[in-house]
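The values are calculated or read from the model by the stated rules, or taken from the named source; none is laboratory data. Here the structure is a predicted model, which means the values were calculated and not measured. Here the Cβ positions follow ideal geometry from the backbone for every residue, glycine too, while neighbour counts run over all protein chains shown. When the accessible area is computed, the model is the full protein with side chains, heavy atoms only, and any ligands, DNA or RNA have been set aside. Shrake-Rupley method; radii C 1.70, N 1.55, O 1.52, S 1.80 Å.
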Amino acid sequence: MDFDAIVVGSGISGGWAAKELCERGLKTLVIERGRHVNHRTDYLDFSAPWEVPNRGKVPEAEVAEHYAVQSQCQAFNSATKQWWVRDSEHPYSTPADRPYHWIRGYHLGGRSITWGRQTYRLSDYDFGANQQDGNGIDWPIRYADISPWYDRVERFAGISGATEGLDQLPDGQFLPPMELNCLESAFKKKIEQEFPRRRVTSGRCAHLTEPTAEHVALGRGPCQLRSNCERGCGYGAYFSSLSATLPAAQKTGNLTVVTDAIVERLDYDHAKRRISGVRVIDANTKQGRSYQARVVFVCASTIGTAQILLASQSEYFPRGLANHSDAVGRHLMDHLVGIGASGTHPGFLDRYYYGRRPTGFYLPRYINLTEKGDVDFLRGYGFQGYSGRSSWERAENEAGIGAELKDRLRTPGPWEMKLVGFGEMLPKADNRVTLHTTRKDRWGLPLVHIDCTHGENERRLANRANRDAVQMLLSAGFENVKPLGELRAPGHSVHEMGTARMGRDPATSVLNGHNQAHDVQNLFITDGSCMTSCGTVNPSLTYMALTARAANYAADRLASGEM
Amino acid sequence: MLLGAVLLVGGGAALTRFARKTDAFAGSSGRAFNAEQFALLEQVCEVIIPTTDTPGAIAAGVPEFMRQILEAWGTESSRAEIAGVLVAVEKLAWSKFGAAFLELAPDRRLEVIKVLDSELLAAKDSAYAKFKHLVLVGYYQSEIGATRELRYELVPGAWRSCVPLSEIGRASAV
């Protein structure tokens with residue numbers, strides 16, 4: 001055996017798998033398909049606005065030719081361009097009338113560099129939702145199974161947040177919250193008065209407000225309120241694989257990382273019911289090679305993981321590895337976004353703030369939970385809120401030039417607020433990732449084909465989220481209140497999940513309650529593909545907790561000789 | 001472009017001179033501005049963001065930024081749109097005051113750009129929106145615009161969630 005463990009992917013899930021497996025004494029290989037990246041020295045976070053290439057603009061012709069999909073992500077600019085794939089080099093297909101935005105980057109650390117850093121726990125409402133309304137299958141775990149692992153990953157990652165005592169948004173191990181600004185504090189008071197079952201709290205986020213000794217020992221420091229996060233953070237103030245998990249894994253002496261290695265397939269030995277090898281293609285030379293280990297963690301991201309399993313066909317698994325259930329690639333979900341509302345507030349003109357806070361506030365789900373009745377859809381939504389005073393940008397739409405314009409723009413503009421809805425999508429078998437039957441990429445691997453649409457429940461939920469957001473802003477005294485608009489294409493929230501779901505029954509699910517494949521005992525999958533339903537909260541914290549839990553389970557089994 | 005929205009009918013002689021002038025704007029593949037266009041651009045930018053108790057657009061390098069950004073970032077069609085705005089400025093100067101923009105006194109330059117700004121923004125003219133966007137980005141995201149006209153710190157180091165505006169003084173550039 002070359003290694004005790006192989007981890008495919010180095011993003012949020014892969015980084016956690018590497019850390020936990022290495023810390024349990026296992027010689028671990030991380031295989032990353034993208035290029036190597038150096039923490040700090042490869043970031044553009046110390047560039048002032050006038051030093052950023054083209055003031056943030058990516059050339060129009062380059063966007064059209066190479067980044068048509070990736071540029072849809074609001075964090076895409078000239079200082080972050082290195083964190084997105086070129087669509088021209090990494091194509092995928094969809095039906096012509098059913099777009100899907102597959103937003104991603106191929107490099108060490110994956111999307112842990114560009115993630116939104118919002119971190120919330122799922123609750124038993126989420127783990128019980130499928131069983132309650134009969135959509136999808138029941139989760140094989142409940143909150144009590146994962147709660148201690150949330151504790152563990154929150155302490156290590158460093159999560160800033162306020163304790164609220166809500167059943168639908170369990171509290172965690174928090175560093176001090178980033179306080180609400182003047183307008184948000186007034187909004188909170190008003191909303192909690194008018195809608196006593198709703199709550200407004202500081203956005204919980206993976207930022208060090210007060211680093212612990214463990215954080216400092218890894219070279220991480222406190223958040224400096226720059227909000228250059230998506231460029232990478234030289235202070236290591238927010239959690240990423242590069243700032244936290246991979247350095248921790250490295251410290252054990254058990255970590256090996258290979259980059260530019262694209263997993264082509266996993267070889268399966270039916271006599272032993274095990275993965276016998278991980279075949280990779282060198283991204284640059286296109287030469288093939290293979291690695292062996294006792295246990296394999298696939299953390300290649302929801303769509304990437306499905307692609308690898310589907311491509312790993314064998315006599316025993318003609319539909320793809322660990323796919324006797326035919327669930328691999330199915331039940332693709334992504335949070336509903338594009339919904340919510342915005343408005344301006346006439347008050348607080350003598351108040352301002354200092355620093356660029358990298359989070360906002362959160363208004364957790366109430367619909368179909370604490371507020372029931374008069375609802376024509378299942379599940380629900382939460383709102384992330386952002387507010388601040390406008391600056392010079394407002395002049396783009398307002399007439400005015402000369403000394404008068406300069407004078408006016410010296411003073412901040414009115415307060416603005418946005419309520420950004422994140423809605424739950426139901427798991428549907430037809431929302432599906434398959435391999436293209438004819439088209440291949442430059443390495444000869446079949447292209448991914450994504451067919452995913454919103455249904456009637458999603459549309460009804462979106463309408464109500466828009467209506468609620470408008471109503472809340474109006475009731476809090478906002479003006480110019482407008483719904484944000486239409487549902488964006490699936491994929492747009494970059495919360496894709498569900499393509500190798502967990503479940504109790506091997507006939508309907510891919511993974512058991514420990515993220516272990518029902519059909520292949522040394523295969524674990526802990527990225528978003530394992531999610532049996534998608535809840536309403538940002539999912540990365542749950543991937544971290546499930547990964548840590550699965551890695552320690554696997555290490556226990558290896559140690560006891562049961563695997 | 002909705003140039004018609006700002007065009008008044010000028011005299012015959014003035015239009016003939018205008019036609020001669022605009023010949024110089026023709027053809028600039030890859031390059032954003034020729035020398036004559038750039039001279040006009042500088043003064044238009046300075047009218048939009050003038051020197052007051054802080055430096056204006058020229059001192060902050062806005063015209064040079066626009067040249068650079070249009071060559072490094074813009075497509076041929078963006079360059080044509082921006083050049084079209086300069087044509088509109090020149091047309092309006094001729095039709096309103098019977099002279100080239102650069103020959104006008106400061107108060108008349110201000111009046112030309114004021115009319116252009118209010119009418120083209122009201123008409124939602126996309127070329128002018130792009131022009132004004134670049135002027136504003138060029139100024140307020142320059143070192144002078146961000147740090148002397150407005151407030152900007154690379155490393156704020158702290159979050160103060162609710163403070164009197166008078167303590168901060170001016171709007172933040174980012």
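Below, the figures for the structure above:
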| item | result |
| --- | --- |
| Length-normalised contact order of chain A in % [C-alpha pairs under 8 Å, at least 6 apart] | 22 |
| Links that overshoot a 20 Å alpha carbon limit, given the list A:Lys372/A:Lys428; A:Lys19/A:Lys251; A:Lys251/A:Lys286 | A:Lys372/A:Lys428; A:Lys251/A:Lys286 |
| The stretch A:92-247 - convex hull of alpha carbons, volume per residue in Å³ | 193 |
| Förster radius 35 Å - calculated FRET efficiency between A:Thr438 and A:Arg504 (Cβ-Cβ, nearest 0.05) | 0.40 |
| Pairwise centroid distance, computed over Cα atoms, of the stretch A:456-480 with the stretch A:129-180, Å | 26 |
| Apportionment of accessible area to carbon and sulfur, the stretch A:414-542, percent (1.4 Å) | 46 |
| Kirkwood Rh (inverse of mean 1/r, distinct Cα pairs), the stretch A:82-146, angstrom | 15.6 |
| Accessible surface, per residue, of the stretch A:510-563 when the full set of protein chains is kept, probe 1.4 Å, Å² | 18 |
| Relative contact order (%) - the stretch A:382-514, alpha-carbon pairs under 8 angstrom, separation at least six | 17 |
| Mean accessible surface per residue for the stretch A:196-287, computed with a 1.4 Å probe while every protein chain stays in place, in Å² | 38 |
| Difference of contour (0.36 nm per residue) and Cα-Cα distance, B:Val155 to B:His133 | 5.3 nm |
| Exposed-site-free run, longest, chain A (rule: chymotrypsin sites (Phe, Trp or Tyr not before Pro); DSSP loop; at most 15 other C-beta within 10 Å) | A:47-315 |
| Gyration tensor (alpha-carbon) shape descriptor, chain A, a/c threshold 1.5 | prolate |
| Förster radius 22 Å - calculated FRET efficiency between A:Glu194 and A:Asn480 (Cβ-Cβ, nearest 0.05) | 0.65 |
| Spin-label pair A:Ser147/A:Thr163, simplified geometry with 7 Å Cα→Cβ offset, distance in nm | 1.4 |
| Residue-averaged [θ]222 nm for chain A, counting only DSSP H segments that reach four residues, each worth -39500 (n - 2.57) | -6500 deg cm²/dmol |
| Total accessible area lost when A and B pair, probe 1.4 Å, Å² to nearest 100 | 4900 |
| Environment charge at A:Asn515 (Cβ cut-off 10 Å; Lys +1, Arg +1, Asp -1, Glu -1) | 0 |
| Gain in span if fully extended, A:Thr41 to A:Ser390, counting 0.36 nm per residue against the direct Cα distance | 122.4 nm |
| Estimated inter-spin distance, A:Glu398 and B:Ser77, nm [label 7 Å along Cα→Cβ] | 3.1 |
| Across the protein assembly as shown: Cys residues that no other cysteine approaches within a C-beta distance under 4.7 Å | A:Cys22, A:Cys73, A:Cys205, A:Cys223, A:Cys229, A:Cys233, A:Cys299, A:Cys452, A:Cys530, A:Cys534, B:Cys45 |
| Sites A:Arg273 and A:Ala96, calculated FRET efficiency, Cβ-Cβ separation with R0 51 Å, nearest 0.05 | 0.75 |
| Two-decimal log10 I(q)/I(0) for the stretch A:342-497, as the Debye equation yields it once each C-alpha is a single scatterer, q = 0.09, 0.18 Å⁻¹ | -0.47, -1.12 |
| Size of the stretch A:429-476 as Cα extents on the principal axes (Å, biggest first) | 57, 22, 11 |
| Ranking by accessible area, most exposed first, for A:Asp138, A:Asp334 with a 1.4 Å probe | A:Asp138, A:Asp334 |
| Pair A:Thr212, A:Arg467: separation of 7 Å Cα→Cβ label points (nm) | 4.5 |
| Heavy atoms of A:Arg408: accessible area, 1.4 Å probe, square angstrom to 10 | 70 |
| Antiparallel bridge percentage (DSSP; both residues within the protein assembly as shown; nearest 5) | 70 |
| From phi via Karplus (6.51, -1.76, 1.60), per-residue ³J(HN,Hα) for the stretch A:80-94 in Hz, x at Gly/Pro | 10, 3, 5, 9, 10, 5, 7, 4, 5, 9, 10, x, 9, 10, 9 |
